[in-house]
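First up is the structure itself, then whatever we jot down about it.
The values are calculated or read from the model by the stated rules, or taken from the named source; none is laboratory data. Keep in mind that what you see is a predicted model, and the values were worked out from it rather than measured. Here the Cβ positions follow ideal geometry from the backbone for every residue, glycine too, while neighbour counts run over all protein chains shown.
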Amino acid sequence: MCKDKDQPAPVRIFLVAGETSGDALGAEIIEPLREKFGGNVEFFGIGGPAMAARGIDSPIHISQLSVLGYIEGLLAWRRIVKLAQSAALYADECSADIVILIDSWGFTLRVARAVRAIRPEALLVKYVGPQVWASRPGRAKTLGQAVDHLLTIHPFDAPYYETESLPITFVGNPVLSRYRPGDGAALRKSLNIAENAQILLVLFGSRSAEFSRLHEPFAEAVHRLRKRHPDLVVLCPLSRAIGTQVRAAATDDPRLQDMIFLDEEKNTDVFAAADLALACSGTVTTELAAARVPMVVGYKIGQLSWALLKTFFLKTRFVTLVNMASDKMIVPEFLQNNCQPGALYVALEQLLGNKKERDTQKKSLAVAIKKMTTDGSPTPQRVAGAIYSFWQKIKR
């Protein structure tokens, strides 16, 4: 519960995350913010287990907020609007001075608008803006009207907001900032995997809908690959959000039973041990690129959502950030109707069976990551510094 409004209070920061990835981003900026404000700060918000571990008790379960696809978003509209209003009322109850809206465009935009109406004195900061360079550039104007400051993780974001008079600070990509090389040898030893055995990673995503749509094409592609390479070791790191779902599906699908399931907390070592990955498009592809893991990427959403996206909204040739940064297809992408077992199998076989091909992709990944990296302090410290500086400026 929030403290009584009548009690003298330090700066109150309210964080809002609508997805697992945003929950992680919120968790890692709490301590840097505490340090920057000299301890004179309290935290509240909406998040998941990562933020809860840092002391934020969310009254809304994050699983209610993750929506994949345009049509799915329309179907969930009433629920999301109601939850956004509840989040804003909670921010007001907590006497929030600063509201940090993390990623998750649809939900956080509605929270921003509701907070503005209920508590106009609060400073609204958006951390990770919508990908207006990829689709729906009109969102830049919408965001400019909804928040006071944007913290962007891509160096190419700024030009899209220049006409909106929205203050922007480039803080760097948190995925690259937090990357540390793992211990692949230790991981192999712990799982009793031979030093010369090839390891394939299968990453189904972090949302229930992602696993549901990628289950069949990914499982079948890997099944075909293992027929060709019977000694191939398949590791499947699972996020908390889909772990139970995947393990339940494995009871009826022998293709999944051949995979070794691991908790995502082991990802650093898993990536260090891997020779190749089959991954759902998303943040994990940047993590794999940072670890120089060659990969094949697949993605599917609802058919009507895809038709709308492809026809009206999608403005970029690629969906994988390293491909965007390189402006060419260095990582094979198989989207929607092209995300088929046969196509995925061929792409995986081409890489697994040809070390030269894998090495070529590794070199290209290194070049792309360099373009996406900023020099200086880690992203969480940059985020905290930007928020503190902006807060000090408006309080003068």
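Miscellaneous remarks
- Condition met for residue 42 (assigned by TED's automatic domain parsing to the domain that holds residue 94 and in contact with a Lys or Arg (Cβ under 6 Å, 6 or more places away or on another chain)): yes
- Selection count where residues are in a loop (DSSP other than H, G, I, E, B) and over 20 Å from residue 20 (Cα atoms), scope the range 197-214: 2
- Top-ranked residue in the range 254-264 [being buried (at least 17 other Cβ atoms within 10 Å of the Cβ) and either out of contact with any Ser or Thr (no Cβ under 6 Å at 6 or more places or on another chain) or aliphatic (A, V, I, L, M) (or both); ranked as nearest to residue 237 (Cα to Cα)]: 262
- Considering 112, 91, 87, the condition of being crowded, with 20+ Cβ neighbours inside 10 Å, free of Cβ contacts under 8 Å to residues at least 40 places away in the same chain and at negative phi is satisfied by 112 alone.
- Whichever residue in the range 277-321 is within 24 Å of residue 342 (Cβ to Cβ), at pLDDT below 90 and aromatic (Phe, Trp, Tyr) and, among such residues, is farthest from the chain's Cα centre (by Cα): 306
- Residue that is farthest from residue 24 (Cα to Cα) [pool: residues in the range 215-245 that are part of a helix (DSSP H, G or I) and in contact with a Lys or Arg (Cβ under 6 Å, 6 or more places away or on another chain)]: 223
- For the range 209-222, the candidate set comprises residues that are in contact (Cβ under 8 Å) with a residue 60 or more places away in the chain and not hydrophobic (A, V, I, L, M, F, W, C); within that set, the residue that is nearest to residue 284 (Cα to Cα) is 210.
- Just so you know, in the range 343-370 the residues that are under 23 Å from the mean Cα position of the chain (by Cα) and without any contact (Cβ under 8 Å) to a residue 60 or more places away in the chain include one that is surrounded by the fewest Cβ atoms within 10 Å (Cβ to Cβ), and it is 370.
- Among the residues of the range 153-167, those identified as crowded, with 17+ Cβ neighbours inside 10 Å, within 22 Å of the chain's Cα centre (by Cα) and either in a loop (DSSP other than H, G, I, E, B) or at pLDDT 90 or above (or both) are 153, 154, 157.
- Residue within the range 382-393 that is in contact with a strand residue (DSSP E or B) (Cβ under 9 Å, 6 or more places away or on another chain) and either more than 14 Å from residue 36 (Cα to Cα) or outside the structural domain of residue 126 (by TED's automatic domain parsing) (or both) present: no
- Residue within the range 234-253 that is at pLDDT 95 or above, touching a His at 6+ places or on another chain (Cβ under 6 Å) and over 24 Å from residue 183 (Cα atoms) present: no
- Those residues of the range 323-363 which are part of a strand (DSSP E or B) and in contact with a helix residue (DSSP H, G or I) (Cβ under 6 Å, 6 or more places away or on another chain), in sequence order: 334
- Residue list for the range 16-56, filter: part of a loop (DSSP other than H, G, I, E, B) and under 19 Å from residue 99 (Cβ atoms): 18, 19, 37, 40, 47, 48, 54, 55, 56
- A residue that is modelled with pLDDT under 90 and either more than 26 Å from residue 371 (Cα to Cα) or not polar (S, T, N, Q) (or both) occurs nowhere in the range 110-123.
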